[in-house]
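Okay, so here's the structure we're looking at.
The values are calculated or read from the model by the stated rules, or taken from the named source; none is laboratory data. These numbers were taken from a predicted model, which means no experiment stands behind them. Cβ placement follows ideal geometry from the backbone for every residue including glycine, while neighbour counts extend to all protein chains displayed. Surface areas here come from the heavy atoms of the whole protein model, side chains and all, with no ligands, DNA or RNA. Shrake-Rupley method; radii C 1.70, N 1.55, O 1.52, S 1.80 Å.
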Amino acid sequence: MADRFHSTEGLIDALADASFDRPPALVSNAHVTGLGVARALDAHDVPVIALDRPADEPGGTATDNGTAVRHDGLAPPSDAVDFAGAVTYPLDDLDGFRTDVEAIVDAAGTEAVAFGCMDEWALAYAEADPDGVRLPYAGIDTVDDVLNKSRLYATCEELGVPYPETYRLGGGDGPRSVDESALADAADALGFPLVVKPARKREFEEAFGTNVLEAADREALEETVVAAAAEGVEVMAQKRVDVATGEDRSLASYVPPSGVDDALAVVGNAVVRHPLQFGTSCLVETVVDPEIEARALGVLDDAGYYGISEAEFVYDREREEYLLLDVNTRPWKWISLPVAAGANLPMAAYAAVTDVEYESPGIDPTRWVYLRDYLAGLSGGKVGDALGADDWRALVSGEFEANGSLTTGVYRPSDPAPATKLFETEFDDREYYCAC
């Protein structure tokens, strides 16, 4: 367990006395997703250094003469994390981020393997390309092509992969770049309410606090597009899909540099989301769906992407088919599901750029639950309980850890500190900057 969340200077000092028998993993950010990645790697004795921005100074690196700084993420107190500390937030200062990471790697005395657990971190490691850092995924141009929904949907058109009806509205180069004609066409063709999405999600989230907005009328649509353009964010209008609740499916995969024929993949069904509309997954189970797998791998293959990814599909009841919404070129909230099922995607990625070997033992049916959001949904009365009495008994007793058919996002009796910290922050007046 990391004994504290260091400032950058404090982390450098702590690493100066450390020794590593293999390259450590740099895991950013250090919240629910980062915790899942850290646990997956720690299970194979990979040392983990969790890096994130501090809660006290969300815009940059703390400079506190080497003492610990506050951080509300759940990964650092885990037994799976060896060291944890602050770095400059890459969206604020990419050069500062590069400098911090290079200093940390230099202090560790060995090269490191980067795992960006949110879009901005994955892009930052690829774009900054810090010395001494190995990337277990494709370079910045390829990643950007996949993450940019405008380009992603163009690929879908070429490959015949269904996606929601979409109009690209511009805005990425400021207010003058808004396509007024496309805006009018979208309003006429899609009707209201419609959904406004960014081409690149993270900048939109920083500006609006969410990665999707719903426009109830033409005025709301124009206001959102103008506000996004003022932030230099390209947006698109998308038809509000008549989604079949509980039928969302995603391909969780690791594609090696050799290509999709050698991919390690699991299809997950998001049975419950919280909140129900546009929320994140809180109960996911493995399913067998060769068509979803083929469509997702086809898109990744066309883009030339290798690395960890999640390709998200929803079932459109009106069109009676699955539509591709998004591809995340990095680990995501329920990354622990494929790991528990037998596809340790972080370990496969790590092994591809080091001398360590990893082979999947095979895929078994598994479910994953993030209890904080799942219980919130149950208490609101908007979802029914999809878990049985045996599941709850296994969760409360801790027996689920030995069973293998049920796993969790945070709560694990064998590694109690992250859940303890979740309780501490949940009932405080502090709000962590990222949901995942």
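Worth pointing out:
- Within region 86-104, the residues that satisfy the criterion of being more than 20 Å from the chain's Cα centre (by Cα) and either assigned to a loop (DSSP other than H, G, I, E, B) or in contact (Cβ under 8 Å) with a residue 60 or more places away in the chain (or both) are 93, 100, 101, 103, 104.
Yes or no, residue by residue, for (1) at pLDDT below 95; (2) surrounded by fewer than 19 Cβ atoms within 10 Å (Cβ to Cβ); (3) in a helix (DSSP H, G or I):
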{"residue": "143", "(1), (2), (3)": "yes, no, yes"}
{"residue": "146", "(1), (2), (3)": "yes, no, yes"}
{"residue": "154", "(1), (2), (3)": "yes, yes, yes"}
{"residue": "162", "(1), (2), (3)": "no, yes, no"}
{"residue": "172", "(1), (2), (3)": "yes, no, no"}
{"residue": "176", "(1), (2), (3)": "yes, yes, yes"}
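- Conditions (1) over 21 Å from residue 42 (Cβ atoms); (2) open to solvent by 30 Å² or more (accessible area, probe 1.4 Å); number of the one not met by residue 373: (2)
- Complete set of residues in region 227-252 that are surrounded by 15 or more Cβ atoms within 10 Å (Cβ to Cβ), more than 20 Å from residue 339 (Cα to Cα) and of a type in the set (Gly, Ala, Ser): 227, 228, 229, 237, 246
- Every residue from region 386-419 that is surrounded by 14 or more Cβ atoms within 10 Å (Cβ to Cβ) and over 22 Å from residue 339 (Cα atoms): none
- Residue ID - farthest from residue 1 (Cα to Cα), chosen from residues in region 30-53 that are open to solvent by 10 Å² or more (accessible area, probe 1.4 Å) and assigned to a loop (DSSP other than H, G, I, E, B): 53
- Among the residues of region 151-190, those identified as more than 11 Å from residue 225 (Cα to Cα) and of a type in the set (Val, Ile, Thr) are 155, 161, 166.
- Verdict on residue 202 being buried (at least 16 other Cβ atoms within 10 Å of the Cβ) and within 18 Å of the chain's Cα centre (by Cα): yes
- Qualifying residue in region 231-238 (condition: free of Cβ contacts under 8 Å to residues at least 60 places away in the same chain and of a type in the set (Gly, Ala, Ser)): no
- Test: residue in region 341-354 that is within 16 Å of the chain's Cα centre (by Cα), modelled with pLDDT of 95 or more, farther than 29 Å from residue 374 by Cα and of a type in the set (Gly, Ala, Ser): yes
- For region 314-361, the tally of residues that are touching a Gly at 6+ places or on another chain (Cβ under 8 Å), surrounded by fewer than 22 Cβ atoms within 10 Å (Cβ to Cβ) and in a helix (DSSP H, G or I) stands at 0.
- Residue that is modelled with pLDDT of 95 or more, touching a strand residue (DSSP E or B) at 6+ places or on another chain (Cβ under 7 Å), aromatic (Phe, Trp, Tyr) and open to solvent by less than 10 Å² (accessible area, probe 1.4 Å), where the choices are 125, 137: 125
- For residue 224, the conditions (1) within 25 Å of residue 331 (Cβ to Cβ); (2) open to solvent by 10 Å² or more (accessible area, probe 1.4 Å); (3) polar (S, T, N, Q) are fulfilled apart from (1).
- The residues in region 69-109 that are modelled with pLDDT under 95 and surrounded by fewer than 19 Cβ atoms within 10 Å (Cβ to Cβ) can be counted, and the count is 3.
- Which numbered condition residue 9 fails, given (1) open to solvent by 10 Å² or more (accessible area, probe 1.4 Å); (2) within 20 Å of the chain's Cα centre (by Cα): (2)
- Output for region 106-119, where each listed residue is in a helix (DSSP H, G or I) and in contact with a strand residue (DSSP E or B) (Cβ under 9 Å, 6 or more places away or on another chain): 108, 119
- Where a residue in region 124-138 is in contact (Cβ under 8 Å) with a residue 24 or more places away in the chain and part of a loop (DSSP other than H, G, I, E, B) and its partner, wherever it lies, is acidic (Asp, Glu) and open to solvent by 10 Å² or more (accessible area, probe 1.4 Å), with Cβ under 6 Å and at least six apart: 130/102; 131/102; 132/111
- For region 253-309, the candidate set comprises residues that are open to solvent by less than 30 Å² (accessible area, probe 1.4 Å), closer than 22 Å to residue 385 by Cβ and of a type in the set (A, V, I, L, M, F, W, C); within that set, the residue that is farthest from the chain's Cα centre (by Cα) is 272.
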